[in-house]
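Here is the structure we will look at, set down as structure tokens.
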Amino acid sequence: MTVEQRPTVRRRVLGANLRRLREDKGLYLEDVAEQLSCHAAKVSRIESGRSGIRQLDLRVLLDLYGVEDPAEREGWLALARESRRQRWWRVLEDRLPQDFLDLVGLEDEVYECRGFQPAIVPGLFQTERYATAVIQGGSPGTLDESQETRLRVRLERQKALTRSDPAPLKVWMVLGEAVLRQQVGGAEVLREQLLRLVEVAQLPNVTLQVLPFTAGACQGGPYPFLIYSFPPPAGLEVVLLENFASHAYLETREDTVRLGGAFDHLRATALSALKSEALIVEIASELKNA
């Protein structure tokens with residue numbers, strides 16, 4: 001009896017792209033199952049992320065799909081390989097929602113993140129006081145145990161920007177001007193947060209741009225999204241749509257291409273990194289003098 005696993009983001013991304021390779025070759029599930037000497041249902045579970053795949057079986061599929069470049073093959077194999085490193089966030093599995101843990105795990109495995117946030121500073125850049133205000137959602141008092149855990153995890157996630165093994169996470173973020181003006185936590189907290197943005201923008205692996213109010217309507221609408229890229233050469237990507245209550249992940253090539261195009265439009269419309277930094281400093285100065 002086959003025990004299905006809860007699909008992780010990594011397995012779903014791998015499965016969706018294996019399905020793409022199969023369809024590009026004009027093959028059916030039954031064709032692949034014959035090569036793996038298994039039932040078509042097993043192939044379907046692999047492609048949906050409900051089952052992992054053995055390295056041996058993945059090599060058979062890469063041969064079948066014509067993936068011959070050694071570096072590209074290694075990219076696929078690395079994605080499928082179960083990591084032997086102990087993840088720091090595993091101890092929190094019984095204390096945080098699974099979709100949030102998926103996000104933390106994703107940032108621990110990908111090499112690049114690019115996206116758009118129209119209304120709030122992304123968690124990777126938040127100061128402790130700003131993050132506290134966001135988690136409280138305007139409620140007074142101290143954080144409860146669950147909120148305190150989320151705060152600690154949010155701050156721990158930021159180490160991805162300066163880690164050494166693997167290489168630091170590359171981030172290219174477009175922020176709506178409202179992010180710089182919404183006084184989350186009050187004027188003093190926001191000013192501290194804006195100065196942190198200026199500091200983070202100096203990292204060689206971080207690019208920050210601001211989309212000014214004067215830019216008007218943009219492709220993709222006023223909706224936040226993040227595009228995570230797994231290490232090359234496999235070139236696999238996943239889109240994260242985040243809202244107040246949950247996270248949704250899009251793994252198909254159509255979705256990643258569509259949101260990638262929206263991001264390219266946003267960064268082309270936004271202020272340059274230099275002008276963005278100047279605007280952030282200007283607004284921080286206004287808050288100091290208020």
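FYI, it's all coordinate maths here, none of it is from the lab. What you see is a predicted model, and the numbers here were worked out from it, not measured in a lab. Cβ: placed from backbone, ideal geometry, glycine included. Neighbour counts: every protein chain shown.
Students often forget the sequence filter, so: which lysines lie under 29 Å Cα-Cα from residue 25 once same-chain residues fewer than 8 apart are removed?
42
Give the long-range amide H neighbours of residue 172: residues separated by 5 or more places, or on another chain, with amide H under 5 Å away, using H modelled in the peptide plane at 1.01 Å from N.
113, 114, 115, 207
Give the residue from 53, 66, 36 lying farthest towards the positive end of the charge dipole for segment 23-69; charges sit on Cβ (+1 for Lys and Arg, -1 for Asp and Glu) and the dipole is referred to the Cα centre.
53
If you take every DSSP beta bridge whose two residues both sit in the chain, what share of them, in percent to the nearest 5, is antiparallel? Before the final figure, lay out the partial values.
Numbers: 13 of 25 bridges.
Antiparallel bridges make up about 50 percent of those DSSP assigns within the chain.
Amide H neighbours of residue 65 under 5 Å, at least 5 residues apart or on other chains, H built in the peptide plane: list them.
none
Okay, helix-only estimate at 222 nm for the chain: each DSSP H run of n ≥ 4 adds -39500 (n - 2.57), divide by all residues, round to 500 deg cm²/dmol; what do you get? Write out the running numbers ahead of the final one.
Values: 12 runs with 141 residues, N = 290.
For the chain, the value works out to -15000 deg cm²/dmol.
Could you work out Rg/(2.2 N^0.38 Å) for segment 9-80, with Rg from alpha carbons only?
On the way: Rg = 11.0 Å, N = 72, 2.2 N^0.38 = 11.2 Å.
Cα Rg divided by the expected 2.2 N^0.38 Å: 0.98.
Sort 114, 12 so that the residue with the fewest other Cβ atoms within 10 Å of its own Cβ comes first and the one with the most comes last. Mind showing how you got there, number by number?
Numbers: 114 22, 12 19.
Ranking 114, 12 by Cβ neighbours within 10 Å, fewest first, gives 12, 114.
Straight-line reach from residue 159: which lysines fall under 30 Å, measuring Cα to Cα and dropping same-chain residues less than 8 apart?
Those lysines meeting the cut-off are 170, 275, 288.
Considering the options 281, 175, 221, tell which one lies farthest towards the positive end of the dipole of segment 93-289, charges being +1 on Lys and Arg and -1 on Asp and Glu at the Cβ, about the Cα centre.
The one lying farthest along the dipole's positive direction is 281.
Counting other C-beta atoms within 10 Å, which of 230, 213 has the fewest, and how do the rest follow?
213, 230
Take the Cα atoms of segment 93-289, build their convex hull, and give its volume per residue in Å³. Walk me through the numbers on the way to the answer.
Details: hull volume 24.2 nm³, N = 197.
Convex hull of Cα atoms, per residue: 123 Å³.
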